[in-house]
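Written out below as structure tokens is the structure these notes cover.
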Amino acid sequence: MDILLAIWNSIPEDIQTLLVIILKIVAIVVPIMLSVAYLTLAERKVIGYVQVRIGPNRVGPRGLLQPIADGIKLVFKEVIVPSRANRFLFLVAPLLALAPALAAWAVMPFDDGMVLADINAGLLYILALTSLSVYGIIIAGWASNSKYALLGALRSAAQVVAYEIAMGFALVVVLMAAGSLNLGDIVRAQEGSLIHWFWLPLLPMFVVYFLSGVAETNRAPFDVAEGESEIVAGFHVEYSGMAFALFFLAEYANMILIAALTSVMFLGGWLSPFQGTFLESTFAWVPGIAWLLGKMAVFLFLFLWFRATFPRYRYDQIMRLGWKVFIPLTIVWILVTGVAILGELGPWFD
Amino acid sequence: MSIEPVLFYIFSAVLVTAAALVVVVRNPVHAALFLILAFFTSAAIWLLLEAEFLAIVLVLVYVGAVMVLFLFVVMMLDINLTPLREGFIRYLPVGVAVAVIVLLEMAVVVGPGNFGLEQMPAPPRHGADYSNTEELGAILYTVYAYPFEIAAVILLVAIVAAITLTMRRRPQAKYQNPAEQVLVRRDDRVRMVKMEAEKGENKEQ
């Protein structure tokens, strides 16, 4: 132990900081990747039970090793680059899809003070990074040199740009209510009890944000970018093997990210739901991160439930919902929140 | 040596290379992608200046929104590159002249007369609790409140103008009325008819 400490102290201070940051990044990314793997299994199981099937149950006890089997299978598949495709962009696109989904976790507060980068402009950083995820899709669609892929990319770009505006405005309302761009401060502003959380005063924004999140991640019922029935699989029709798997990693990492963000913005992040009630001391032993994970699990289940329940939206209806319903609603709610803050409406804005 | 100058020179090298490639590469999609890289690296340089609001907004607005639409358009164009390269020699003198004039103008404006070390000393380092976003907000909504509002109105006028320019009435086009679609009831569409069962010839028995 002393030897290890001596080695550690002999490292220059800058390198020490760098090593600590890298370790923290690993501690965030590895659990996310594992959750992505098991979210795919959860999805197949949940949809299976919704459709009165059992779902995967062959690999490992109760099918628990299925994601690992899937992963191994995909690693050993050949990555085929279509003829006359742009080879570099074709291979870079899946990475571009995955990177923003992982980078956004840098500012996510898992518990009070438990955050990799506690920056003041956290909300802006999140907005900027979620707006980048569309590049993976556009570049994949274009570099594939395929009509279906390009059509999927164009659909996706138009859809993501539309819903991003609604998401941005919904977050503007959150920042008005919290008075801060720092995600930790946003959670602290919701302290009090279940009704102090922003879901109640900002209920329309809560709904708009989560539904826009579903649209932004190209999940059912807004998954026209894939549209298996019309454009076979949309932007990733030409992809195979690990390149294909990276798009799925990105999609599920984005789902987990949206679930975490919705929990932090509207459901009080790491705060206990029993705060301010007689049960508060009974549940005081539960760490904050457990509450956050629980809230995320609820939203992730909603993602899967939506997919199993709703038929795909028609494209013009998606556009109408984004531009003509969600965006006006968010603008109106900015005014409503402004008036509520001026009037010091309790218990949220006093 | 601290790590900041190293980062600055790396980002600057990438920025200058990317900016040059925007002009040089032949494929317009590649040019747009290099422009995105240029935006990214300049955002990183702004971050080194502790201007995190500007840096993130540059990525959010230009990379996240403007360039997406740009790529959207460029990808759909089927640009034949050969005619574009015709007449390179013919236009060369004009191009060189314009380039020289722009270069001279930039040298006058950003040269040492205006941006030398005396006029623009290295900005002081701020503590960890300094928030560039807050500072900008405070100054925009107090000292520069009127210019800010005027800029907002000008943008609004531009939006209205753009919408008016593209709006046209097409009487033959059929639109759906979503409210009507939602409010429709079964009785509006289906009529239940009671009929006597037909008595056909019973061939089998």
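A few points about this structure:
- Total accessible surface hidden between B and A, rounded to 100 Å², 1.4 Å probe: 2100
- Solvent-accessible area, 1.4 Å probe, carbon plus sulfur percent, for the protein assembly as shown: 69
- Here the range A:242-350 is treated as an ellipsoid with the same Cα gyration tensor; its semi-axes, largest first and in whole Å, are 30, 26, 12.
- Legend: residues A:Y252, B:Y130, A:Y148, sorted from most to least accessible area (1.4 Å probe; ligands, DNA and RNA excluded), read A:Y148, B:Y130, A:Y252.
- A cut-off under 13 angstrom between Cβ atoms defines the neighbours of B:I45, and their net charge, with Lys, Arg +1 and Asp, Glu -1, is -3.
- In the frame of its principal axes, the range B:91-144 has Cα extents of 53, 26, 21 Å, reported largest first.
- Positive minus negative residues near A:F310 (Lys, Arg vs Asp, Glu; Cβ under 11 Å): +2
- Interface residues, the range A:161-175 - accessible area loss of 10 Å² or more versus chain alone, probe 1.4 Å: A:V161, A:E164
- Leading residue at positive end of dipole, the protein assembly as shown (Cβ point charges), from A:P31, A:M242, A:M205: A:M242
- Here is how the number arises for chain A: DSSP H runs of 4 or more residues each give -39500 (n - 2.57), the sum is divided by the residue count, and the result at 222 nm is -21500 deg cm²/dmol.
- Among the trypsin sites (Lys or Arg not before Pro) found in the range A:1-104, those both in a DSSP coil and sparsely packed, with 14 or fewer other Cβ atoms within 10 Å of their Cβ, are A:R53, A:R58, A:K77, A:R84.
- The protein assembly as shown shape via C-alpha gyration tensor axes, a/c threshold 1.5: rounded
- Each residue was assigned an accessible area with a 1.4 Å probe, and for A:S146 the value is about 20 Å².
- In this structure A:F169 has an accessible area near 70 Å², from a 1.4 Å probe over the protein heavy atoms.
- Ligands, DNA and RNA aside, B:V57 has an accessible area near 40 Å² when probed at 1.4 Å.
- Per-residue ellipticity at 222 nm, computed for chain B from helices alone with -39500 (n - 2.57) per DSSP H run of at least four residues, works out to -20000 deg cm²/dmol.
- Cβ-based charge dipole, chain A, positive-most Cα from A:V332, A:A103, A:Q66: A:Q66
- Of A:T130, B:T142, the order by accessible heavy-atom surface (1.4 Å probe, DNA, RNA and ligands excluded), from most exposed downward, is B:T142, A:T130.
- 0 to 90° range, to nearest 10: angle between helix B:28-48 axis and chain B longest Cα axis: 60
- Peptide A:333-346 has a mean of 0 when you count, residue by residue, the C-beta atoms of other protein chains within 10 Å of its C-beta.
- Threshold 40 Å², the range A:123-143 residues less accessible with all protein chains present than alone (1.4 Å probe): A:L124, A:A128, A:L132, A:Y135, A:I138, A:W142
- Chain B: angle of helix B:132-141 to the longest principal axis, Cα-based, in degrees nearest 10: 80
- Placing A:E13, A:E344 in order of accessible area, with the largest value first and a 1.4 Å probe, yields A:E13, A:E344.
- Dipole moment magnitude, nearest 20 debye, the range B:86-137 about Cα centre, only Lys, Arg, Asp, Glu C-beta charged: 300
- Taking every protein chain into account, the accessible area of the protein assembly as shown amounts to 60 square angstrom per residue (probe 1.4 Å).
- Taking every full run of DSSP H in chain A, the ones that stretch at least 20 Å from end to end by Cα along their long axis and average -0.5 or higher on the Kyte-Doolittle scale are A:13-50, A:87-103, A:122-143, A:147-178, A:241-266, A:288-309, A:327-342.
- Charge tally for A:L261 (other residues, Cβ to Cβ under 12 Å; Lys, Arg +1; Asp, Glu -1): 0.
The values are calculated or read from the model by the stated rules, or taken from the named source; none is laboratory data. The model shown is predicted, which means the values in this text are computed figures rather than measured ones. Glycine also receives a Cβ, built like all others from the backbone with ideal geometry; neighbour counts cover every protein chain displayed. Note: accessible area is taken over every heavy atom of the protein model, side chains too, but ligands, DNA and RNA are not part of it. Shrake-Rupley method; radii C 1.70, N 1.55, O 1.52, S 1.80 Å.
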